[in-house]
1. Anything in region 67-81 that is of a type in the set (Phe, Trp, Tyr) and free of Cβ contacts under 8 Å to residues at least 40 places away in the same chain? List them, or say none.
2. Return yes or no: is residue 557 modelled with pLDDT under 95, of a type in the set (Asp, Glu) and surrounded by 16 or more Cβ atoms within 10 Å (Cβ to Cβ)?
3. Quick check, is residue 145 at pLDDT below 85, of a type in the set (S, T, N, Q) and surrounded by 14 or more Cβ atoms within 10 Å (Cβ to Cβ)?
4. List pairs: first residue in region 91-111 and free of Cβ contacts under 8 Å to residues at least 60 places away in the same chain and farther than 12 Å from residue 128 by Cα, second residue part of a loop (DSSP other than H, G, I, E, B) and not aliphatic (A, V, I, L, M) anywhere in the structure, Cβ distance under 6 angstrom, at least six positions apart or on different chains.
5. Looking at the structure I just gave you, is residue 578 part of a loop (DSSP other than H, G, I, E, B), assigned by TED's automatic domain parsing to the domain that holds residue 419 and farther than 21 Å from residue 477 by Cα?
6. Out of the residues in region 420-449 meeting the condition of being part of a loop (DSSP other than H, G, I, E, B) and crowded, with 18+ Cβ neighbours inside 10 Å, tell me which one is modelled with the lowest pLDDT.
7. Considering only region 45-124, give the helices (runs of 4 or more DSSP H) lying wholly within it that have at least 1 residues that are farther than 15 Å from residue 142 by Cα, among the hydrophobic types (A, V, I, L, M, F, W, C) and over 60 Å from the mean Cα position of the chain (by Cα).
8. Looking at region 345-363, which of its residues are surrounded by 15 or more Cβ atoms within 10 Å (Cβ to Cβ) and more than 20 Å from residue 320 (Cβ to Cβ)?
Amino acid sequence: MARDHPDRAGPRPTWPPSVGAGPPISPVLAARWFQALYETPLLFSGILDRAGRVLDANYLSIEGCGLDRDAVLGRPFWEGGWWSPDPVLSDQVRRWCERALLTGQPFRTRGRYFLGDGTPRMVDLALSPVWEDDGGVTHLIATGSDVTDTVAAQQEREDRMVVEADELRGMAEDRRRELLIVQEAERLADTRLQRLVGVALDLVGVETVEDLTDIIVNRGLPVLGADGGAVRFIDADGVMQLAASRGLKDDVQVTFGAVTGDSPMPTGHVARTGQRLVLPTRAAGLEFTPLMAGVYEATDRGAWVFEPLKLGSRVLGCLAVSWVREREFSPDELGLIEAFAAQCAQVLERVRITQAQRVTAAQIQRLAVALQRSLLTTPPTPVALDIAVRYLPAAQEAQIGGDWYDGFDTTEGTTLISVGDVSGHDGDAAAGMAQLRNLLRGLAVHGSDGPAVLLTRLDQAIERLGLDTLATALLARVEIAPDDRPAGDSRSGARRLRWSSAGHLPPLLRLPDGEVRVLAHDADLLLGLDSRTPRAEHVTDLPAGCTLLLYTDGLVERRGEHIDDGVRRLARALGSARSASSDEVCDHLLAAMLTDAPEDDVALLVLRLREMGPRATPAPGPGNPGMPIS
């Protein structure tokens, strides 16, 4: 804004002015105000008296506005022409001046004024009271700055900021919508991933190819976002068997059921090349092979992806994924299909290996059963003896173990019975069992040696033949009772029992009156440890009508329980067996002692001594060392 110059305003007015009702201004004060009036680059700068009349003003505020100085000086500030033609604003200026003169407080506001041609301008108006020494307000200094351009520039900036804010809000709304789209895509991807995890967990438990194909086509493909499809597996004959999803037409299975690897269809091509084939449109499919027309007609699917089921360099089949509408495929979609197909190929290979192993295991099991039957022969059937046997292996897969039972007649007319337990539950244990059992038979069948001698000779054979075997065994000899029976004992069917134990559990004897005794003894060393150790032999009489039980530890041993407690439970079960036959006693004992499949092999031999005449119960003594069970 240009400064005011005296030569533009004419001669400087004299002081005090001839107009005005206020007190005169001192020369010093006048000089200070005139300096401010003419040197300050303001639009308006003037002095008002106590009545608000203009005493003097600079050039810009009067002549510069097209006003006449003589018409302005001496008139009230609000009537000087600056505020017309707005009488409301003129009246407002009057009230501002009166308030400043009355209160003595400075006042500042922004208002309009008009040039001589009526052009409106914006003025930053300030009214500053002047105090004299007596404390009263004598004058008002009125100053005004033209802020029209500043206000216009500020308004322009504000308008521009509003426009920019609108643009930013629009951009923010676009970003918000994009974020929502991304978040929705992430949510869908997360949901799809969780569902794929569920399908993967189901695939882990698959045991048959039929179950695998059902999970792939009816659960896996929908998770991939597809509208169905099919899976082809190459069988042992090179034929690609088809399994189609339930969403396709019923005749798809019949029409495209079995094809060979040289088929021109996409599945045959993928099986031969091991490369993915993408047919996003019907035109692409027909270009690949005109035979695809039949596929489109039969399935009503416009887009297909054929992914090889590969395991290393081997191709096991083809996964066909379809959509109703023609579409393009993103790399992420194709990568997801490829990953799913790779997992399906791994499961398929595992299922095939498992099925082959099951076939082999079934063959082994049949052989094992035949071997077991050949090893565990039917017990003898002497007239006076009723013998029954049972065998339950712990290794259910092989149906074979290391426990054994045996019974056979010797040339002396006696019967040898035995049970034993070779350590282990596998084929090695079974082989060791067969060797020991057959060795014992060979040593005993043509001789009259007692059980202790036979076990010693068996132990020596183990050592000399280099058999790496440890076993427990109990060998008993059932013979006709000698003539030196106690007086008055008329038991024509009585027998005497001689036995020796190589670390085995004691036999149980149920007397005709139901009392059960544990034929307690100090067990000698296991077989296979030291053949030089002497072995003891024990003797007891068997009255007619009694029941003798030989068994292995699998019948009585339980986790967390002392084995003596198991023997007591077995004794109580034997005491409650009221059946007349040894077979029924065996069944009763197994039902009472085993609630689940045994954790260890179980072998038991039950011998009942038939009553051949009057019955008497022997009393315990040197020849009958039984211990009653409470």
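1. Keep residues of region 67-81 that are of a type in the set (Phe, Trp, Tyr), which gives 77-78.
Within region 67-81, just 78 meets the criteria.
2. Details: modelled with pLDDT under 95: yes; of a type in the set (Asp, Glu): yes; surrounded by 16 or more Cβ atoms within 10 Å (Cβ to Cβ): yes.
Yes; evaluated as a whole, the condition is true for this residue.
3. Numbers: at pLDDT below 85: yes; of a type in the set (S, T, N, Q): yes; surrounded by 14 or more Cβ atoms within 10 Å (Cβ to Cβ): yes.
Taking the combined requirement at face value, the residue satisfies it.
4. What qualifies is 93/83.
5. Numbers: part of a loop (DSSP other than H, G, I, E, B): yes; assigned by TED's automatic domain parsing to the domain that holds residue 419: yes; farther than 21 Å from residue 477 by Cα: yes.
It is true that residue 578 is part of a loop (DSSP other than H, G, I, E, B), assigned by TED's automatic domain parsing to the domain that holds residue 419 and farther than 21 Å from residue 477 by Cα.
6. So the first thing to find is which residues in region 420-449 are part of a loop (DSSP other than H, G, I, E, B), and the list is 423-426, 445-449.
Narrowing further to those that are crowded, with 18+ Cβ neighbours inside 10 Å: 424-425.
On the way: 424: 72, 425: 65.
That would be 425.
7. Numbers: elements: 59-62, 69-72, 87-103.
Output list reads 69-72, 87-103.
8. 350, 352
The values are calculated or read from the model by the stated rules, or taken from the named source; none is laboratory data. Just so it is clear, the model here is predicted, and its values are computed rather than measured. Methodologically, a virtual Cβ is constructed for each residue, glycine included, from the backbone with ideal geometry; neighbour enumeration extends over all protein chains shown.
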